[in-house]
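Working notes, beginning with the structure itself.
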Amino acid sequence: MVRRQRVKSRYSIIEVFVIGKGKMLNTLTLSAVVGKLERLECRSQDVVQSVLDAIRLKDDRLHGYLTVDAEEALRQAKATDEARAAGRTGRLLGVPIAIKDVLNVKGQPCTCGSKILKGYISPYDATAIARLRVEGAVFLGRTNMDEFAMGSSTENSAYGVTRNPWNPDCVPGGSSGGSAAVVAADEAIAALGSDTGGSVRQPASFCGCVGLKPTYGRISRYGLTAYASSLDQIGPMTKTVADAALLLQVMAGGDPADSSSLSVPVPDYTAALQKDLKGMTLGLPREYFVGGLHVDVERRVQEAIEVCRGLGARIVEVALPRSREAIATYYIIAPAEASANLSRFDGVRYGFRAAGAEDPIDLYKKTRAQGFGPEVKRRIILGTYVLSSGYYDAFYLRAQKVRTLIRRDFEEAFKVCDAILSPVAPTPAYRFGENTADPLQMYLGDIFTVPVNLAGICGLSVPCGFTADKLPVGLQVVGPALGEEAILRVGHAYEQATQWHQQRPGSPS
Amino acid sequence: MTAYRVTIGLEVHVQLKTQSKMFCACSTDFGQSPNTQVCPVCLGYPGSLPVMNRAAIRLTVMSGLMLGCRINPTSKFDRKNYFYPDMPKNYQITQCDKPLCLGGGVDIEVDGKSRRIGITRIHQEEDVAKNLHYAKWSGIDYNRAGVPLMEIVSEPDMESPEEAMAYLLALRQILLYAGVSDCNLEEGNMRCDVNISIRPEGQKELGTKAEIKNMNTFKGVFAALQYEIARQTEVVSSGGRIVQETRRWDADSGQTFSMRTKEDAHDYRYFPEPDLMPVALPDVLVAEWAASLPELPAQRRERFAREYGLPEYDARVLAADKAVGDYFEIAARGSPNPKAVSNWMMSDVMRTLSEKDISITAFTIPPDALAELVGLTEAKAINSNTAREVFSIMLTEGGRAGEIVAARGLAQVSDAGAIEKVVDQVIAENAKVIEDFRSGKAAAFKFLVGQVMRLSKGKANPQIAGEMLQRKLSN
């Protein structure tokens, strides 16, 4: 494994504060950085250095990154500056992007937050990464996550927890907790996460940034280490909705290497942001606003709904009766697929290999027993069980049928509305250890996000205020299959009407 | 002693002749250095995804059509889960409940009795890697991992090792005809597992079966079946019971050994492969592929008999092997007398192949060169003895018949004047033999013709020489 490298800074800590706002490139949005670079107001090296400085200042405590390759990032940045001088263009030329440690970037580690992939260096670029690379993006580091994306708090990482930038005693959410935290803490310009049951939206909500889960198949999964193949989707985690639209624009589109990718044309997402909410109908699922909601979460979401109404949207009630079954359905389908997907981690070809094995079966047992953490083992066992002979029909097959019903609920709802509004999670960020003793309680935290993955549709998390304890709350905007334009339009209009996204956490000390 | 009936079913794995692997772009070339034809997909690296090889689907469907199967309009892939060091992902992508082909059968003939052996299904899957064992360590060669494989599952329709053998040979013949595989057993292109059970004569329900694996040759399959019939018969006749189990054939000892019983059989936990979309095969596409099918061996046999006027036996021999049939057709089309070509094939060519233990593809005389040789004989440019001599020169030194005949002055002499000189010389030198001939000894005449041939160094047209001798001696 590439060791965490000390970030070399051109500035002293004091200088960073003295240089002042104008120079704090790391705090800028992706769109702003792109603009500054294009107008030659700064160099990619300055942007990357500024982000590296922020990491150096804050990440020992925050621990959003698992690895940062400062030298390589600066080398890439210098190369893009020279390329720009030589006339090269690119939609992300010179922009550093933080990558969740589940996506393969050639030559970089990809541990998936697991001990079992310790030392593994990826030999290839994921399609999404390749598309960012073509546009000139710089890959400066790998962000922390729940092991194999299994979890909602990043507490399941084999490499330690990540702290919530708004309150260091709280979790950042998960599984893309590292990406959410580094974006919120300005230790990144933007990041990528992956979302199987809410893993982009929920940490975005907990950390107060924007998280987009595109329609299943909108972004190629090639190179995204699989957790649950029929649910996984890569998503941008950014400071603004416009930034998410820009990253989606670059990554979206069919890929011959992923049979489940959708080869329908990619619309102009940035253009979709120009429209206001007049003439739009937004649905409120009646099942999502009854009991169990944290009081401040409910208030902030209700206020957000009123803002949308004020912007000209028509608000209607919709029914998603089968969402009640979503968690149970998800915890059959996802572990079933995971149990097969994670079989390849056996110590034979790459990653961690346990010592002292007597024969191949012993090698598997020892490697997997030592290499996987408890939550991953729990889900492998669960998945193995539900696929077992005699149980398949009762569990897996039945879950697939319920999944179809959940999808139909959404199809019905989208006959009367353009997008659906709801909380992202029933609670704000909780304290470390608060939910670890009771996995089921942790699972229930995904109740509003999981149905979106099961239905294969798209969802967006936008900051919509804070709790009394100054913890961020997220508004979820759900759209139909390939309805990214609609949810980005709602998210952007709401964001323009509020100032929540401009709020930044204080230094977590 | 009770008589037992034998029931045999076969599962045949056939590697398909595609350029690239089943789910990635790696080459399928056999015999390359270990782990040189690999990529993140066939090595099961994190994040890699399979992409279906359409050519492999086509070859399996073509096989199904040749074997009279129904082609499933929609088919899907599943994951079969089990851990083994030759499995990169520790699951195999295969087809469980919706295979590409269903039904069908193969006609076999044993002891003059024709039967049809039913085929249950043909499904598509990926091959596994090859484990190599050395004294102190083992290695895994992933070049084979992901090579397209089809599994042909027969009905339990065979009742003897001979029938199983006939089925395998007929199946191989058809697949070679279809051009879907090289069916080369040495290279592992074709591998076979058998299911076998016995039951007392008169009992309706089948006995408990054993599955036998690890036969690398057809002979091995035959020997394993014979051994297993004897073993099961002995167990049952001595009052024992057959347990359902998987047994391994050990070619060295000529025995089968238990690998695992039903109790510790794998639960493969099949479920639909989420990384691949279902395969839809519209009728038009299947019809298009069906139109490109080659003729079956049986059809070709009939056509050879009809089109080239060959005896049934010759047609059968020449059509049995696709390459032999192809050779014959090229030679026959280049010759005025296909029957003569057939005669050459049935005798000299086949004998050479068996003497040298080679296949027709390694035979050094090209079919058009054989046609030329046959043509020279037919035109009486050379006699049959000379033809054999030319044949052996072509075999050892190469070259064309016409050139060899010209260069070595082997052309048959049909010029009456030239032959008459030799005939006169023979008559002058063999007064005693002529006396014998005149007193009625038929052999004497043959001797005289032989003398003419000897003196002409084999070049005299034997027919003209004979007629001339006859005429002169009866004067």
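What to note about this one:
- Within region B:251-304, the set of residues being surrounded by 15 or more Cβ atoms within 10 Å (Cβ to Cβ), within 14 Å of chain A (Cβ to nearest Cβ) and either of a type in the set (A, V, I, L, M) or touching a residue at least 24 places away in the same chain (Cβ under 8 Å) (or both) comprises B:TYR268, B:ARG269, B:TYR270, B:PHE271, B:PRO272, B:GLU273, B:ASP275, B:LEU276, B:VAL279.
- Pairs linking a residue in region A:239-262 that is within 14 Å of chain B (Cβ to nearest Cβ) and farther than 10 Å from A:SER31 by Cβ to a residue that is part of a loop (DSSP other than H, G, I, E, B) and acidic (Asp, Glu), with Cβ atoms under 6 Å and 6 or more positions apart or on different chains, are A:SER261/A:ASP255.
- Residue list for region B:382-403, restricted to those being under 16 Å from B:LYS457 (Cα atoms) and of a type in the set (A, V, I, L, M): B:ILE382, B:ALA387, B:VAL390
- Within region B:70-120, the set of residues being in contact with a Leu (Cβ under 7 Å, 6 or more places away or on another chain) and of a type in the set (S, T, N, Q) comprises B:ASN72, B:SER75.
- Region A:122-140 - residue that is of a type in the set (Val, Ile, Thr) and more than 11 Å from chain B (Cβ to nearest Cβ) and, of those, farthest from A:GLN76 (Cα to Cα): A:VAL134
- Residues within region B:160-193 that are over 13 Å from the mean Cα position of the chain (by Cα) and assigned to a strand (DSSP E or B), tallied: 3
- Test for A:ALA328: is it touching a helix residue (DSSP H, G or I) at 6+ places or on another chain (Cβ under 8 Å), surrounded by fewer than 20 Cβ atoms within 10 Å (Cβ to Cβ), closer than 30 Å to A:ARG379 by Cβ and away from every other protein chain (no Cβ under 14 Å): yes
- Test: B:THR364 is closer than 28 Å to B:SER342 by Cα, assigned to a helix (DSSP H, G or I) and out of contact with any Phe, Trp or Tyr (no Cβ under 8 Å at 6 or more places or on another chain): no
- Where B:PHE328 falls short, out of the listed (1) in contact (Cβ under 8 Å) with a residue 12 or more places away in the chain; (2) under 28 Å from B:ASN184 (Cα atoms); (3) not in a helix (DSSP H, G or I): (3)
- In region A:373-389, the residues that are more than 13 Å from every other protein chain (Cβ to nearest Cβ) and either under 13 Å from A:ALA338 (Cβ atoms) or not in a helix (DSSP H, G or I) (or both): A:GLY373, A:GLU375, A:VAL376, A:LYS377, A:ARG378, A:ARG379
- Looking only at region A:426-459, and only at residues there that are of a type in the set (A, V, I, L, M, F, W, C) and in a helix (DSSP H, G or I), the one that is nearest to A:PRO214 (Cα to Cα): A:VAL452
- Residues (more than 8 Å from chain A (Cβ to nearest Cβ) and over 30 Å from the mean Cα position of the chain (by Cα)) located in region B:37-54: B:VAL38, B:CYS39, B:VAL41, B:CYS42
- Conditions (1) in contact (Cβ under 8 Å) with a residue 40 or more places away in the chain; (2) surrounded by 15 or more Cβ atoms within 10 Å (Cβ to Cβ); (3) among the charged types (D, E, K, R); number of the one not met by B:GLU420: (2)
- Residues satisfying the criterion are present in region A:336-355 (criterion: surrounded by fewer than 21 Cβ atoms within 10 Å (Cβ to Cβ) and away from chain B (no Cβ under 14 Å)).
- Scanning region A:281-315 for residues that are touching a strand residue (DSSP E or B) at 6+ places or on another chain (Cβ under 7 Å) and not in a helix (DSSP H, G or I) gives A:THR281, A:LEU282, A:GLY283, A:LEU284, A:PRO285, A:LEU293, A:ALA313, A:ARG314, A:ILE315.
- Among (1) at pLDDT below 95; (2) more than 11 Å from every other protein chain (Cβ to nearest Cβ), the one test that B:SER63 misses: (1)
- Qualifying residue in region A:364-372 (condition: surrounded by 22 or more Cβ atoms within 10 Å (Cβ to Cβ) and in a loop (DSSP other than H, G, I, E, B)): yes
Residues are listed down the side, and each one gets a yes or a no for (1) without any contact (Cβ under 8 Å) to a residue 40 or more places away in the chain; (2) touching a helix residue (DSSP H, G or I) at 6+ places or on another chain (Cβ under 8 Å); (3) more than 30 Å from A:TYR385 (Cβ to Cβ); (4) of a type in the set (A, V, I, L, M, F, W, C):
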position	(1), (2), (3), (4)
B:GLN15	no, no, yes, no
B:THR28	no, no, yes, no
B:THR60	no, no, yes, no
B:ASP86	no, no, no, no
B:ASN90	no, yes, no, no
B:PRO99	yes, no, no, no
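- Number of residues in region A:390-422 that are away from chain B (no Cβ under 14 Å) and either assigned to a helix (DSSP H, G or I) or within 13 Å of A:VAL450 (Cβ to Cβ) (or both): the value is 11.
- Scan of region A:403-420 for residues that are in contact with a helix residue (DSSP H, G or I) (Cβ under 7 Å, 6 or more places away or on another chain), over 15 Å from A:ILE447 (Cβ atoms) and surrounded by fewer than 24 Cβ atoms within 10 Å (Cβ to Cβ), ordered by number: A:LEU405, A:ARG407, A:ASP418
- Considering only residues in region A:195-222 that are in contact with a Leu (Cβ under 6 Å, 6 or more places away or on another chain) and closer than 20 Å to A:THR111 by Cα, the one that is farthest from the other protein chains (Cβ to nearest Cβ) turns out to be A:THR196.
- Spans of strands (runs of 3 or more DSSP E) in region B:1-97 with at least 3 residues β-branched (Val, Ile, Thr) and over 30 Å from A:ALA149 (Cβ atoms): B:4-15
- Condition check for B:ARG241: assigned to a loop (DSSP other than H, G, I, E, B) and either of a type in the set (A, V, I, L, M) or assigned by TED's automatic domain parsing to the domain that holds B:HIS266 (or both): yes
- Put simply, of A:THR162, A:THR80, A:THR111, A:THR143 the only residue that is within 14 Å of chain B (Cβ to nearest Cβ), in contact with a helix residue (DSSP H, G or I) (Cβ under 6 Å, 6 or more places away or on another chain) and β-branched (Val, Ile, Thr) is A:THR111.
- Scanning region A:73-104 for residues that are touching a residue at least 12 places away in the same chain (Cβ under 8 Å), under 26 Å from A:LEU224 (Cβ atoms) and part of a helix (DSSP H, G or I) gives A:ALA73, A:GLN76, A:ALA77, A:THR80.
- Some residue of region B:307-320 being outside any strand (DSSP E or B), out of contact with any helix residue (DSSP H, G or I) (no Cβ under 9 Å at 6 or more places or on another chain) and surrounded by fewer than 19 Cβ atoms within 10 Å (Cβ to Cβ): no
- Set A:LEU397, A:LEU444: member being of a type in the set (A, V, I, L, M) and farther than 30 Å from A:VAL161 by Cβ: A:LEU397
The values are calculated or read from the model by the stated rules, or taken from the named source; none is laboratory data. Keep in mind it's a predicted model, so treat the numbers as computed, not measured. Neighbour counts run over all protein chains shown; Cβ positions are idealised from the backbone, glycine included.
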